[in-house]
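Just below is one structure, and these are the notes that go with it.
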Amino acid sequence: MSEPIITFRGVNKWFGKFHVLRDIDLVVGKGERIVVCGPSGSGKSTLIRCVNRLEEHQEGTIVVDGVELTEDLRSVETVRREVGMVFQQFNLFPHLTVLENVTLALLHVLELPHAEAEARARQQLERVHIGDQARKYPGQLSGGQQQRVAIARALAMQPRVMLFDEPTSALDPEMVKEVLDAMLELAQGGMTMVVVTHEMGFARSVADRVVFMDQGRILEQAPPAEFFATPRQDRTRDFLAKVLPR
Amino acid sequence: MPTPAGAAGHSELGGPRLPPERPGGAWAWARRNLFASAWSTLATVGAVSAAALVLPATVRWTLLDAVWRPDYQACRALDYRGACWGMVAEKHRLILFGRFPNAEHWRPLVATLLVVLALLVSGHPRAWRRWLLGLWATVAAAFFVLMRGGVLGLSPVGSEQWGGFPLTVLLTLAGVGASIPLGVGLALARRSGLPLLRAGARLYIELVRGVPLITVLFVATFVFPLVLPQGMPLDALGRIVLAITLFQAAYMAEVVRGGLQALPRGQLEAAESLGLGWWQTQRKVILPQALVLVIPSFVNSLLSTFMDTSLVTVVSMYDLTGALRLALGDAQWRNFFIEGYLFVGTIYLVCCFGLSRYSHWLEARLGRWARQEPSRA
């Protein structure tokens, strides 16, 4: 495997008394595409939200691009600049135009000059084929378009890792493909991606490795061909039987 | 351009067509809106007969039989069968400007007009730029120079002589204006991750909201001078403005908190994931949305402060209603207090109605993004 960029070692996390992540060990290499799947409530979203510390872990270590995530706010800020995230509910800023959504962090986090921020934003919007919508507000776009804006917004920060938290789950069926296509193009460009999704087709065609979680544990991880053909655990077979078309 | 084939295809599929026309005309409208059912008819008849009962007498009293000249004998002769607007004609300067020296009334008039002008300018979102702060600083300075005098050849007028409408405007705007940043700060503190800050904000809000404004005004007038450090340049008026600000801030904090809580958590997470710091997140993402959400409740508390300022009469300040009471001190015109209150009430009504219309307009303008449903196309 290539040089690791995300490392989970013995990570445990609780929500109150609920043990949501149990003894997580996971290494993601540079340029790797990981798909995390599992039944709902298995902790997969929590897992990737720990990578940019939207959730704090209580035990173990998480290292992202050489920086260990700790209470120290500076380490969190450093990591967040390296890691982009796309959410299930898009989470665009509704009071800003599409262009302003993308330039906001460029102006106020990277402190780029206005012209440069706008040029970079437009470039990213073109990349997800939505450049012509720059002046509109998010509420005027379809779900698929909004999610592509969210991808452009994250990409504009030039992250080294992209996290996707069920990016197509809130979309109408006919819009899923346009978002998956944007993600596919990104994957072909060599971006490191960790994707929580139920889109097994995407896992099969894009992932280098599929990670299966259940009840807070990583039950198995394998390249997709192996994962889908010969799952080792009963629990995995069970899950696949439910989500794969027969 | 529709080809015949295309047109035919369209109609076969049942393409879009206009909605069926409603029967037009006044009668059809009335049938739909006034006499749709037995209850609707009853309500219409009731409302119309109530108006028929009240309106003619009202018009006669306020307009037809009224005396407009400041003529005391004519007013007496009316024996209350018509309004004596002469009372207002006689006393309007006292009501509007309180005990401000008569010869200098142009000063509060110009000062108030300047403030109103500045308000009109700042009403438009396009004026929400940095220069607006400069404009308000200038207007505030001009207001105080005009009111206080003592420079530029203006005779000095102590703040204890200020009164009437300018005082009402000053108390409301200074109190509410200063309470906005304080209230936003309190609201943010109350949702902060730091327990001490959170507890402090909460204690302050609960404490202040548990006390009536009138008590706060008494405390400001009689207790502040004892506890404030010696030599603080704060006269009675300054203490009252401070009291209204501190009082209003607690309510403002809860108004703002309502807006903050209405925002989905994802907004915060998206901002954080982009690397925005706490303050940038609040300023660029959270507050702009939260403040638009609270415009209706904000205007609500602005209006109630506008009215509540009349409580300052208990500490010997003569705002609009206080100045009216001064005017009614004249034994001759005392009996025509109803006309006086109607006059003052009309001023309040015009201001509040204007403000309310403005807030509707602003809400619609700023909330454009909020009303656009995500299209599913």
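What follows draws every value from the coordinates through simple rules; no lab data is involved. Please read these numbers as outputs of a predicted model, since none were measured by experiment. Cβ coordinates were reconstructed from backbone atoms using ideal geometry, including for glycine residues, and neighbour counts include every protein chain displayed.
Hey, what does the equivalent ellipsoid look like for segment A:35-173, semi-axes from the Cα gyration tensor as sqrt of 5 times each eigenvalue, largest first, whole Å? Walk me through the numbers on the way to the answer.
Values: eigenvalues 142, 82, 23 Å².
The answer is 27, 20, 11 Å, longest axis first.
Got a sec? How would A:168, B:305 order by Cβ neighbour count within 10 Å, fewest to most?
Numbers: A:168 24, B:305 21.
Placing the least packed residue first, the sequence is B:305, A:168.
With 10 Å bins from zero, work out the P(r) of segment A:1-61 over every alpha carbon pair and list the percent per bin.
Values per bin, smallest distances first: 22, 54, 22, 2.
Which value, in debye to the nearest 20, gives the size of the charge dipole of chain A about its Cα centre, when Lys and Arg are +1 and Asp and Glu are -1 at the Cβ? Show your work: numbers first, answer last.
Working: 29 positive and 33 negative charges, 77 e Å.
Using only the charged Cβ atoms, the result is roughly 360 debye.
Over all directions, how big on average is the projection of the convex hull of the alpha-carbon atoms in the protein assembly as shown, in square nanometres? Kindly include the intermediate steps, with their values, before the conclusion.
Values: hull surface 175.0 nm².
It is 43.8 nm².
I'd like the mean, over residues of A:88-94, of how many other protein chain beta carbons sit within 10 Å of each residue's own Cβ.
Numbers: counts 1, 6, 3, 10, 3, 10, 9.
Mean shielding by partner chains, rounded to a whole number: 6.
Once the Cα atoms of segment A:40-106 are picked out, what are the Rg and Dmax in Å?
For segment A:40-106, the Cα-based Rg and Dmax read 14.0, 41 Å.
Work out the P(r) tail for chain A: percent of alpha carbon pairs separated by more than 22 Å, whole number.
Details: 16298 of 30135 pairs.
When all Cα pairs of chain A are counted, 54 percent exceed 22 Å.
Across all directions of projection, what mean area in square nanometres is found for the Cα convex hull of segment A:103-197? Please report the intermediate quantities before stating the final value.
Numbers: hull surface 24.5 nm².
With every direction weighted equally, the projected area is 6.1 nm².
Scan segment A:91-170 for GluC sites (Glu not before Pro) in coil per DSSP, keeping those whose Cβ has at most 12 other Cβ atoms within 10 Å, and list them by number. Spell out each step's value before the answer.
On the way: sites: A:100, A:111, A:116, A:118, A:126; in loops: A:111.
Of the GluC sites (Glu not before Pro), the ones in loops of segment A:91-170 whose Cβ has at most 12 other Cβ atoms within 10 Å are A:111.
Can you return the lysines within cross-link range of residue A:242? Criterion is Cα-Cα under 24 Å, with same-chain partners fewer than 8 residues away left out.
Within the straight-line cut-off, residue A:242 pairs with A:44, A:177.
Can you give me the angle between helix A:73-82 and the longest principal axis of chain A, using Cα atoms only, in degrees from 0 to 90, rounded to the nearest 10?
Approximately 80 degrees, to the nearest ten.
Please pull out the direction-averaged projected area of segment B:210-356, using the convex hull of its alpha-carbon atoms, in nm² to one decimal place.
Numbers: hull surface 50.4 nm².
Averaging across all directions leaves 12.6 nm² for the Cα convex hull.
Among A:130, A:105, A:142, whose Cα lies farthest out toward the positive end of the dipole of segment A:98-162, if unit charges sit on the beta carbon of Lys, Arg (+1) and Asp, Glu (-1)?
About the Cα centre, the residue reaching furthest to the positive side is A:142.
Out of segment B:128-186, which trypsin sites (Lys or Arg not before Pro) are coil in DSSP terms and have no more than 16 other C-beta atoms within 10 Å?
Details: sites: B:129, B:130, B:148; in loops: B:129.
Hits after loop and neighbour filter: B:129.
Output the Cα-based Rg and Dmax of segment B:61-201 in Å, rounding Rg to one decimal and Dmax to a whole number.
Expressed in Å, the Cα Rg and Dmax of segment B:61-201 come to 21.9, 71.
So how compact is chain B: Cα radius of gyration and Dmax in angstrom?
When restricted to Cα atoms, chain B yields Rg and Dmax of 27.7, 92 Å.
Tell me, what is the percent relative contact order of segment A:52-120, built from C-alpha pairs under 8 Å that lie six or more residues apart?
On the way: 32 pairs, mean separation 12.2, N = 69.
Computed over segment A:52-120, the figure is 18 percent.
Pull the list of chain B cysteines that no other Cys approaches to under 4.7 Å, Cβ to Cβ.
Flagged as lacking a Cys partner: B:351, B:352.
Which value, in debye to the nearest 20, gives the size of the charge dipole of the protein assembly as shown about its Cα centre, when Lys and Arg are +1 and Asp and Glu are -1 at the Cβ? Show your work: numbers first, answer last.
Working: 62 positive and 52 negative charges, 236 e Å.
Roughly 1140 debye for the protein assembly as shown.
Which one of B:171, A:10, B:42 has its Cα pushed farthest toward the positive end of the charge dipole of the protein assembly as shown, where Lys and Arg give +1 and Asp and Glu give -1 at the Cβ?
Value: B:42.
With no solvent and one equal point scatterer placed on each C-alpha of segment B:18-116, evaluate the Debye formula and give log10 I(q)/I(0) for q = 0.12, 0.22 Å⁻¹, two decimals.
Debye intensities relative to I(0), on a log10 scale: -0.72, -1.08.
Please name which of A:195, A:207, A:245 has its Cα lying farthest along the dipole of chain A towards the positive end, using unit charges on Cβ (Lys, Arg +1; Asp, Glu -1) and the Cα centre as origin.
A:245
Only sites in a loop by DSSP and with at most 10 other Cβ atoms within 10 Å count here; which trypsin sites (Lys or Arg not before Pro) in segment B:62-100 make the cut? Each step should come with its number before you reach the end.
Numbers: sites: B:76, B:81, B:91, B:93, B:99; in loops: B:81, B:99.
Listed in order of number, the matching sites are B:81.
What percent antiparallel are the DSSP beta bridges of the protein assembly as shown, to the nearest 5? Present the calculation step by step, with values, prior to reporting the outcome.
Working: 20 of 40 bridges.
Bridges in the protein assembly as shown are about 50 percent antiparallel.
Please get the size of the charge dipole for segment A:74-155, origin at its Cα centre, with Cβ charges of +1 on Lys and Arg and -1 on Asp and Glu, quoted in debye to the nearest 20. Intermediate values should be presented prior to the final figure.
Working: 10 positive and 8 negative charges, 33 e Å.
The calculated dipole for segment A:74-155 is roughly 160 debye.
What share of all Cα pairs of segment B:90-151, in percent, falls into each consecutive 10 Å distance bin?
Histogram of Cα-Cα distances, whole percents per bin: 21, 42, 25, 11, 1.
How high is the relative contact order of chain B, given as a whole-number percent (alpha carbon pairs under 8 Å, six or more residues apart)? Kindly include the intermediate steps, with their values, before the conclusion.
On the way: 341 pairs, mean separation 69.8, N = 377.
The normalised contact order for chain B reaches 19 percent.
Other chains' Cβ within 10 Å of B:263-269 residues: what's the mean? Before the final figure, lay out the partial values.
Numbers: counts 1, 3, 3, 6, 6, 2, 9.
Shielding by partners across B:263-269 averages 4.
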